[in-house]
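Colleague: What follows is a structure written as structure tokens; I'll ask about it next.
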Amino acid sequence: MTGARRRIVITGGTSGIGLELVRRLSGRHDILVAGRREDADALPVLPDGVRYVHAPLTDPEAATQAIAEAILKAGWVKLDNLVLNAGTGFAVDGGIETAGQIRDTLAVNLTASALLARALFPWLDKAGGTLTFVGSVAYKGQGLFPAYAASKAGLHGLARALRAEWAGRVAVQVVHPGPTRTEMHQKAGHDPGRLRTIFIPAYSMAAMLEGVIAARRSPVTLSFGRYWTGGAAWSGRL
């Protein structure tokens with residue numbers, strides 16, 4: 001129910017869209033953030049009262065165990081929202097990523113999402129909760145980021161399958177943000193140049209994402225058109 005205090009887990013919540021979403025929700029809801037940063041680096045950027053667990057998704061099984069243990073430690077018996085937002089990728093010219101880059105991209109973007117969905121389903125089921133996969137418009141195929149695009153396409157298919165499997169028990173959605181002004185491109189080794197100035201601000205993307213999560217619709221693309229027509233301003237609240 002909109003307005004009720006919720007228990008929410010967000011991966012990749014220490015930077016970019018994830019951090020802006022945490023900032024939007026932390027005053028009204030109980031938040032557990034999972035990320036790759038050590039506690040000393042992560043806690044200073046998070047709002048007061050937000051729980052944090054160090055859980056690098058490059059090791060999906062260990063990360064899943066760490067997040068599940070953190071939920072138990074918090075005393076949560078149910079989970080209203082699971083937002084699988086963490087993502088990584090590597091830009092390459094004229095080819096495909098290295099074996100190590102492919103492995104890390106698939107581990108973080110796809111394998112960890114599948115394992116977390118399975119492991120945390122019992123908590124979501126008790127609350128009739130919502131599982132949100134944060135994909136990318138790149139899922140349709142994107143030059144410079146082939147493995148990244150493949151991982152997001154896999155996430156799209158996974159969401160559709162689980163939405164059918166868990167219908168009536170847990171709502172499942174996949175949301176595809178368009179180009180957003182975060183550190184993602186720099187970390188991936190790609191400089192978009194002056195184009196970056198027209199990318200959607202991370203806080204605006206987070207506002208639109210919150211509205212889509214509240215509405216439980218799927219699939220949804222958060223495009224330039226949606227932003228330019230005031231999507232961040234009129235989005236609903238969780």
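Just so you know, all these numbers are worked out from the coordinates, no wet-lab data involved. The structure presented is a predicted model; accordingly, all values stated were derived computationally and were not measured. Heads up, the Cβs are rebuilt from the backbone with ideal geometry, glycines too, and the neighbour counts pull from every protein chain shown.
Colleague: Given a cut-off of under 8 Å on Cα pairs at least six residues apart, what relative contact order in percent is computed for the chain?
Modeller: The normalised contact order for the chain reaches 19 percent.
Colleague: Out of LEU106, GLY87, VAL22, whose Cα points farthest toward the positive end of the dipole of the chain (charges: +1 Lys, Arg; -1 Asp, Glu; placed on Cβ)?
Modeller: It is VAL22, whose Cα lies furthest towards the positive end.
Colleague: May I ask you to list the trypsin sites (Lys or Arg not before Pro) in the stretch 1-110 that are in a DSSP loop and have at most 11 other Cβ atoms within 10 Å of their Cβ?
Modeller: Hits after loop and neighbour filter: ARG5.
Colleague: What does the charge count around PRO44 come to, taking other residues whose C-beta lies under 13 Å from its C-beta (Lys +1, Arg +1, Asp -1, Glu -1)?
Modeller: -3
Colleague: So how do TYR139, TYR148 line up by other beta-carbon neighbours within 10 Å, fewest first?
Modeller: Working: TYR139 21, TYR148 28.
Result, fewest neighbours first: TYR139, TYR148.
Colleague: Shifting gears a bit: Counting only pairs 8 or more residues apart or on different chains, how many lysine pairs in the stretch 7-234 have their Cα atoms under 26 Å apart?
Modeller: The number of close lysine pairs in the stretch 7-234 is 5.
Colleague: OK, next. Check which residues have an amide H placed less than 5 Å from THR88's amide H, if you skip close sequence neighbours.
Modeller: Residues meeting the criterion, in which the H sits 1.01 Å from N, are ASN109.
Colleague: Grab the Cα-Cα distance for ALA233 and ALA167, subtract it from 0.36 nm times how many residues apart they are, and report the gain in nm with one decimal. Write out the running numbers ahead of the final one.
Modeller: Numbers: separation 66, 0.36 × 66 = 23.76 nm, distance 3.04 nm.
The ALA233-ALA167 span can extend by a further 20.7 nm.
Colleague: Ordered by residue, what ³J(HN,Hα) values in Hz, to whole numbers, does the stretch 107-118 give under the Karplus form 6.51 cos²θ - 1.76 cosθ + 1.60, where θ = phi - 60° and Gly and Pro are x?
Modeller: Each residue's phi maps through the Karplus curve to give 4, 6, 7, 10, 4, 4, 5, 5, 5, 5, 4, 5 Hz.
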